[in-house]
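Read-outs throughout are calculated quantities, based only on the coordinates presented, and are distinct from any laboratory measurement. Not measured: the values here are computed from a predicted model. Because the Cβ atoms are built from the backbone with ideal geometry, glycine has one as well, and the counts that use them run over all protein chains shown.
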Amino acid sequence: MTAFISHTTVDCINAYELSRWWQTVLDWTDDPEDPNLPGHEECMILSRDGRHKVLFIEVPEPKPATKNRIHFDLRPVEGSRDEELARLVGLGAAEVSDLRRPDGTGWVVLADPEGNEFCILRGEAEMAAGA
């Protein structure tokens, strides 16, 4: 007997706004049978193939000041880590910690508009090139 992850849940203050922000970051979509609307306290987004889901649920308490115990590691679909970093900061992410190394390895820790931390890694082309 086994289990599978149905979806990942993110506690937040504004489920609609945060789900929209992550939709833009990931190029994901709403569930066509249950679209997200302003004021919804629960908002689900889906990967384009429908295999991955993230549910944003409104909670009354703010994010604790401590580091997330679980977080997303993002890898650019196209382009470099640094290009994706610039795009995400332009969308409203905040840089928390720069862990890039001189040899091109490493990552950058960012926070979404509600302070949830996530990382941006090198793109596959960068990894293949040894950058």
Going by alpha carbons, how many degrees (0 to 90, nearest 10) lie between the helix axis of 15-26 and the longest principal axis of the chain? 30
What is the magnitude of the charge dipole of the chain about its Cα centre, with +1 placed on the Cβ of each Lys and Arg, -1 on the Cβ of each Asp and Glu, and no other charges, expressed in debye to the nearest 20? 460
In degrees between 0 and 90, to the nearest 10, how far off the longest principal axis of the chain does helix 81-91 point, with axes built from Cα atoms? 40
From fewest to most C-beta neighbours within 10 Å, the residues Ile57, Ile5, Ile45 line up as Ile5, Ile57, Ile45
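Using the count of nearby Cβ atoms within 10 Å as a rough guide to exposure, how do Phe56, Phe4, Phe72 rank from fewest to most? Mind showing how you got there, number by number?
Values: Phe56 28, Phe4 4, Phe72 18.
Placing the least packed residue first, the sequence is Phe4, Phe72, Phe56.
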R0 of 22 Å, Cβ-Cβ distance Glu33-Thr8: FRET efficiency to nearest 0.05: 0.65
Looking at Val77, Asn36, Ile57, which one has the Cα that reaches farthest to the positive end of the dipole of the range 9-131 (charges on Cβ: Lys, Arg +1; Asp, Glu -1)? Val77
Rounded to the nearest 20 debye, dipole of the range 58-131 from Cβ charges on Lys, Arg, Asp, Glu: 240
